[in-house]
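Working notes, structure below.
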Amino acid sequence: MESPIGSDQSTPTNPTVNSKKRRGRPPKGSYAAFGSDDEDDDEYYGGRSRRRTNRAPRPKVATQSSGSTVVPKDLYTHRATLEDDELNFGVVDPEGEKKVNELGYLNGGREYRCRTFTCLGRGSRLYMLSTEPARAMGYRDSYLLFLKHRSLHKIIVDDAEKWDLIERNIIPHSYKGRAVGIVAARSIFREFGAKIIVGGRRIVDDYWEGEFRARGFKEGELADPDDKLPPPGMPYNRNQYVAWHGASAVYHSQPSFEAQLPSAVRKRKKDPPKDATWLFQHAKATSAYNNDITKNIARKQATGCFEPHTNLLHVFQNSQPSRTEWTQVTSNQEGYITPKMDVLVALNPDIAPQVSLINVPSSVLASCPPHIQDAIRRRQDQELLQARLNGALCSFYKEPN
């Protein structure tokens, strides 16, 4: 029985193509490996055609970031040795060696952008706090500095060196319990070149001159155009990279007074006066402020000021008497009773327990030295006088029958 179409088929079938739709993302490189056509693309992408172009990929443009450096390509292929707190790879630039000596001191009138100092027990070699060159090169902290630049060696100072830095005001006293890292100034110059120099210029102030020339850098251009250079004759501000001088956001955690005000008040304070009565408004606000101060002082006059350090309630001096007035009265006036004034030491048993000496035996009194006997007799007289005074007061305040 013949087929109704005929013996020769007009549409041959492709045995390599599976008519069942595949699930999921197509395998990597499937189009390039198997040369799939547009029908296969529709199969993978659910019937949607996939746009394919023959354009070449866009070449990547090499850009130099703020903290990137230019060093010889084969620098890290050499085995590094630690010498004088620096990693020595055995590769030097003869022209760069003329710009810095072996202790880190710059030649030719060049200056570092960061603070430099000597360290206790390490001779005259110059060092930097690791956080300062890190911030100067655009890094958040020194961890990223040593992570990105493998030619730098971080040194953790011991307690004696740390206290020496504190006494010389290089680090604050609050750093006494923290790990303080330093780095040799010479290695910083070898790594960053003109970028660590005040007003540094390419190739002129770089250590690896030959490498910069080979890579096509323009000689004499500023290495860091964003650096704020001082006017002629003024010193460079090296404290701008010091954390406790404002370089770190940790020391700006306290909100300002304006930030604590409500938003409506802040907006009102920022808006400039739009009418001609600004002077009257200013005087009115000043008067209200003075009125608040006056009310506060009046309240303190009545209640006093509590001082927590002394645990006492202090009063204003102008509320206390400054003089005393005595008026002499003659004794022949009617109804006048001449007061009797006795000076005695008050004995208050409620404050502390006291020993009565009235009943001291005469034998004990005779055995004491003469000055002790006189003191005991004076104390006995005081106790008798106090007892008589207490009895008189009790009889005076006693209610009549």
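The values are calculated or read from the model by the stated rules, or taken from the named source; none is laboratory data. Keep in mind that this is a model prediction, so the values were computed, not measured. Backbone-built Cβ (ideal geometry, glycine too); neighbour counts: all protein chains shown. We work out accessible area using only protein heavy atoms, side chains counted, and drop any ligands, DNA or RNA first. Shrake-Rupley method; radii C 1.70, N 1.55, O 1.52, S 1.80 Å.
Observations, loosely collected:
- Which listed residue is closer than 17 Å to Gly138 by Cα, of a type in the set (S, T, N, Q) and modelled with pLDDT under 90, from Gln254, Gln240: Gln240
- Residue satisfying all of: in region 143-164; under 23 Å from Gly90 (Cβ atoms) and part of a loop (DSSP other than H, G, I, E, B); most open to solvent (accessible area, probe 1.4 Å) among these: Arg150
- Pairs linking a residue in region 232-251 that is in a loop (DSSP other than H, G, I, E, B) to a residue that is of a type in the set (A, V, I, L, M) and at pLDDT 85 or above, with Cβ atoms under 6 Å and 6 or more positions apart or on different chains, are Tyr236/Val198.
- Subset of region 201-222 [free of Cβ contacts under 8 Å to residues at least 40 places away in the same chain and under 34 Å from the mean Cα position of the chain (by Cα)]: Arg201, Leu222
- Residue satisfying condition, being among the charged types (D, E, K, R), part of a loop (DSSP other than H, G, I, E, B) and touching a residue at least 60 places away in the same chain (Cβ under 8 Å), within set Arg115, Arg79, Arg140, Arg122: Arg115
- Scope region 94-110; condition acidic (Asp, Glu) and over 15 Å from Ile188 (Cα atoms); matching residues: Glu95
- All of Phe192, Phe217 fail the test of being modelled with pLDDT of 85 or more, out of contact with any helix residue (DSSP H, G or I) (no Cβ under 7 Å at 6 or more places or on another chain) and surrounded by 20 or more Cβ atoms within 10 Å (Cβ to Cβ), apart from Phe192.
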